[in-house]
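Here's the structure, in structure tokens; my notes come after.
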Amino acid sequence: MMDTGHDQITAAPPGYHAEEVTSVHHWTDRLFSFTCTRDPALRFTSGQFAMIGLLVGGKPLVRAYSMVSPAWEEQLEFLSIKVPDGPLTSRLQHIRVGEKVLIGRKPVGTLITDNLLPGRNLWMLATGTGLAPFMSLVRDPEVYAKFDRVILAHTVREARELAYREYITHELPEHELLGEDVRAKLVYLPAVTREPFPVTGRITTRLESGAAEREAGVEPLDPARDRVMICGSEAMNADCRALLDARGFVEGTNSAPGSFVVEKAFVTK
Ligand code: A2P
């Protein structure tokens, strides 16, 4: 058998469920996703993350991963970058169907609609794998019950990194349970920064110039009406936060809802 650098999981260590991988998809040489079984006892809210990983040298090697799958889905799905010398991702990228992964029993996180005050438009600003929690949220009926318009702005370096683009544009609008809400309320804004594409430029630049609002067909960002969720790199989060602070947005937390919430896209190494 090929040595993938991790132990076979026969029993889950305390605090984890051991789940079986049911599919693996490699988007690019830097990006992959996989699905696995879900213990019926695992509860989470769409947008949250859990500690997930492998058993290495008899110990859990785990990182925080946002669930890509919505809370109602029977299986779990995760999106990951592949870092050649990353302790977890260098191993996890070789995971195969039938192998087991560890899933932490206590999902948490701030990117949940309960942390936002009521509003009309919900902006989701994602870069790279920061898309993950929003894939969960755009498939949660509660999001559409709370907002008139849901704007998913995903910005990446190269077009092929626009994971789930086909799914969002073609499958989701036809989804049996969500299709009607998606067609009426979801606006998808894919953009690329390092090669030609119909929409180019960082989300921060496009919000500053008003281009992003024009792309979405809505009024300029306003804390009276708009709510924002942010998930990207440390630098992207900081720049988005500064932009929103300057416009009078207030950050929401698990104890006090606000007009925006932030979480960093995990697993950068
Ligand atoms: P750029 O190509 O101009 O750096 P990364 O893979 O480095 O996380 O980048 C993912 C996307 O996020 C890229 O399109 C990148 O644009 C963009 N990005 C990186 N840093 C920032 C930032 N501080 N603010 C907004 N967007 C950013």
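The values are calculated or read from the model by the stated rules, or taken from the named source; none is laboratory data. Note that the coordinates shown come from a computational prediction; the quantities given were computed from them, not determined experimentally. Neighbour counts are summed over all protein chains in view; Cβ atoms, including those assigned to glycine, are modelled from backbone coordinates with ideal geometry.
Residue check, F134 against (1) away from the ligand (no atom under 16 Å from the Cβ); (2) aromatic (F, W, Y); (3) in contact with a Leu (Cβ under 7 Å, 6 or more places away or on another chain), all met but one. Which one?
(1)
Is it fair to say L111 is in a loop (DSSP other than H, G, I, E, B), under 20 Å from L42 (Cβ atoms) and in contact with a helix residue (DSSP H, G or I) (Cβ under 7 Å, 6 or more places away or on another chain)? Lay out the reasoning, then the answer.
Details: in a loop (DSSP other than H, G, I, E, B): yes; under 20 Å from L42 (Cβ atoms): yes; in contact with a helix residue (DSSP H, G or I) (Cβ under 7 Å, 6 or more places away or on another chain): yes.
Against the criterion (in a loop (DSSP other than H, G, I, E, B), under 20 Å from L42 (Cβ atoms) and in contact with a helix residue (DSSP H, G or I) (Cβ under 7 Å, 6 or more places away or on another chain)), L111 qualifies.
Does region 116-132 contain at least one residue that is in contact with a Pro (Cβ under 7 Å, 6 or more places away or on another chain), of a type outside the set (V, I, T) and under 22 Å from F260 (Cβ atoms)? Even if it seems obvious, please write down each step before you answer.
The initial filter retains those residues of region 116-132 that are in contact with a Pro (Cβ under 7 Å, 6 or more places away or on another chain), namely 116-117.
Then drop every residue that is not of a type outside the set (V, I, T), which leaves 116-117.
Still in the list and also under 22 Å from F260 (Cβ atoms): 116-117.
Checked against the condition, which is being in contact with a Pro (Cβ under 7 Å, 6 or more places away or on another chain), of a type outside the set (V, I, T) and under 22 Å from F260 (Cβ atoms), region 116-132 yields at least one hit.
Anything in region 38-60 that is buried (at least 18 other Cβ atoms within 10 Å of the Cβ) and out of contact with any strand residue (DSSP E or B) (no Cβ under 8 Å at 6 or more places or on another chain)? List them, or say none.
Within region 38-60, T45, S46 meet the criteria.
Away from the ligand (no atom under 16 Å from the Cβ) and of a type outside the set (A, V, I, L, M): which single residue out of E251, E263, E234 fits that description?
Working: E263 fails: away from the ligand (no atom under 16 Å from the Cβ); E234 fails: away from the ligand (no atom under 16 Å from the Cβ).
Exactly one of E251, E263, E234 is away from the ligand (no atom under 16 Å from the Cβ) and of a type outside the set (A, V, I, L, M), namely E251.
Would you pick out the residues in region 191-216 that are within 13 Å of the ligand (Cβ to nearest atom) and crowded, with 19+ Cβ neighbours inside 10 Å?
The answer is A191, V192, I203, T204, R206, L207, A212.
Looking at region 191-216, I want the residues that are assigned by TED's automatic domain parsing to the domain that holds L122 and farther than 17 Å from L243 by Cβ and have a partner that is small (G, A, S) and near the ligand (Cβ under 9 Å from one of its atoms) with Cβ atoms under 7 Å, at least 6 apart or on another chain. Which pairs are those?
Taking only residues 6 or more apart or on different chains, the pairs are F197/A191; V199/A191; T200/A191.
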